[in-house]
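In what follows, a structure is listed as structure tokens, so that the remarks can point back to it.
The values are calculated or read from the model by the stated rules, or taken from the named source; none is laboratory data. Not measured: the values here are computed from a predicted model. Cβ: placed from backbone, ideal geometry, glycine included. Neighbour counts: every protein chain shown.
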Number of protein chains: 2
Amino acid sequence: MSYLGIGVSPGNVPVYHGNNLKVIDRRVRVTELVLRCVICGLAILGAVLIGTDSQVKVIFSIEKIAKFTDMKALVFLVIANGLAAAYSLVQVLRCILSMIRGSVLFNKPLAWAIFSGDQLMAYLTLVAVAAAAQSAVFAKLGQTELQWMKICDMYGKFCNQVGEGIASSLIVSLSMIVLSGISAFSLFRLYGNNSKGKGNAR
Amino acid sequence: MSYLGIGVSPGNVPVYHGNNLKVIDRRVRVTELVLRCVICGLAILGAVLIGTDSQVKVIFSIEKIAKFTDMKALVFLVIANGLAAAYSLVQVLRCILSMIRGSVLFNKPLAWAIFSGDQLMAYLTLVAVAAAAQSAVFAKLGQTELQWMKICDMYGKFCNQVGEGIASSLIVSLSMIVLSGISAFSLFRLYGNNSKGKGNAR
């Protein structure tokens, strides 16, 4: 026992812990990369589904066109999806770069930037989905008390495609929420409660 | 110089750091307590403002009443505010208890529970505010393309009070976002990158 006690000098601890940290870090980075790729793909899908959606209806020889621009919430959702896709693309490149270089995130300003960006995108996409979903509910069910009539009976194909776009965007925002948890972990573990850890982290 | 070098033995470091941690911890806890009290108060205010709102209008001798239950998004916002108020009250009691006992949060399951609760409430209140705000925009501006008429010209007092309730709820959700950042910090710093820190944290 005493041999072990002498053998394990303070100098060995960071080496052991470094390996342990690498395993956790690799898992976190792979999850992060997969999620960011999923977000990028689904955000583009959502934006395209809603942005290209339109339906023409002829009522008493008058042509009426339903477009996503008729509803501000859908325009907002397309913009939010576009931003999420662009942001995720940049982050995917960063993830790949840091994986190639094999570097572990110990840079506080960068960790703060990623954390802030992820938080912002998570809340932005969620707000956009909530507003679009509320509009979709009005369009689907109407609001008889306020004499707002349902329009999905008339524009069925249009409404279905919007629904698919909102579903895709919902997965984007849920993935962003998980990612913002991961980046919070990556940031705040740098503030671990020991002076040695703080020294390494800077 | 050499005296200083000898004087600062590894044994002194945790003591110094313990004091440093206490200062940070006290500030975090005071901020947390203030925010939770603000949330509790404003969530109750928002729920009461919207929940008690109604306006009677006589049109061609027919009495029409506008109530918050006419709009599902407002009912959802009242429920979300009620949940936020109840949750914050419990958390305020926990904060006061931990301040009286002078204990520092080193309990991982508790930190995980607080983190999860705060995240959930932040996203819930934000979604409720977004949906209610979208409904309010339709009520205020109408949507001429869909022949949804604006109703705030008719029920001005009702709409103003709903607006105040939504503003109050917006502050609640923004405060919840800040709080969820604080609880993420409190949780993930327990996963600091050193074996000593991990030992303390368990």
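Is one or more of the residues making up region B:133-146 within 18 Å of the chain's Cα centre (by Cα), at the interface with chain A (Cβ under 9 Å from one of its Cβ atoms) and hydrophobic (A, V, I, L, M, F, W, C)? Checked against the condition, which is being within 18 Å of the chain's Cα centre (by Cα), at the interface with chain A (Cβ under 9 Å from one of its Cβ atoms) and hydrophobic (A, V, I, L, M, F, W, C), region B:133-146 yields at least one hit.
crowded, with 18+ Cβ neighbours inside 10 Å, closer than 17 Å to residue B:38 by Cα and within 10 Å of another protein chain (Cβ to nearest Cβ): which single residue out of B:186, B:180 fits that description? Show your work before the answer.
Numbers: B:186 fails: closer than 17 Å to residue B:38 by Cα.
Just one listed residue meets the conditions, B:180.
Looking at region A:109-158 only, could you name the residues that are exposed (fewer than 14 other Cβ atoms within 10 Å of the Cβ) and either touching a residue at least 12 places away in the same chain (Cβ under 8 Å) or part of a helix (DSSP H, G or I) (or both)? Step through it out loud before you land on a result.
Applying the first criterion (exposed (fewer than 14 other Cβ atoms within 10 Å of the Cβ)) to region A:109-158 yields A:109, A:112-113, A:141, A:144, A:147, A:153, A:156-157.
Correct list: A:109, A:112, A:113, A:141, A:144, A:156, A:157.
The C-beta contact set for region B:75-99 (first residue free of Cβ contacts under 8 Å to residues at least 40 places away in the same chain, second residue small (Gly, Ala, Ser) and in a helix (DSSP H, G or I), distance under 6 angstrom, 6+ apart or interchain) comprises B:78/B:47; B:78/B:51; B:82/B:47.
Within region B:108-132, being more than 13 Å from chain A (Cβ to nearest Cβ) and farther than 30 Å from residue B:74 by Cα holds for B:109, B:110. On the given criteria, is residue A:169 more than 9 Å from every other protein chain (Cβ to nearest Cβ) and assigned to a helix (DSSP H, G or I)? It is true that residue A:169 is more than 9 Å from every other protein chain (Cβ to nearest Cβ) and assigned to a helix (DSSP H, G or I). Of the listed requirements (1) part of a helix (DSSP H, G or I); (2) modelled with pLDDT under 85, residue B:106 misses just one: (1).
The numbered conditions (1) over 30 Å from residue B:111 (Cβ atoms); (2) touching a Leu at 6+ places or on another chain (Cβ under 7 Å); (3) away from chain A (no Cβ under 11 Å) are all true for residue B:151 except (3).
Here is a yes/no grid of residues against (1) among the charged types (D, E, K, R); (2) at pLDDT 95 or above; (3) outside any helix (DSSP H, G or I):
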site	(1), (2), (3)
B:5	no, no, no
B:19	no, no, no
B:22	yes, no, no
B:27	yes, no, no
B:41	no, yes, no
B:44	no, yes, no
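Among the residues of region A:60-102, what is the count of those that are crowded, with 17+ Cβ neighbours inside 10 Å and not in a helix (DSSP H, G or I)? Number of matching residues: 2.
Has region B:49-57 got any residue that is buried (at least 19 other Cβ atoms within 10 Å of the Cβ), more than 14 Å from chain A (Cβ to nearest Cβ) and in a loop (DSSP other than H, G, I, E, B)? Taking every residue of region B:49-57 in turn, at least one turns out to be buried (at least 19 other Cβ atoms within 10 Å of the Cβ), more than 14 Å from chain A (Cβ to nearest Cβ) and in a loop (DSSP other than H, G, I, E, B).
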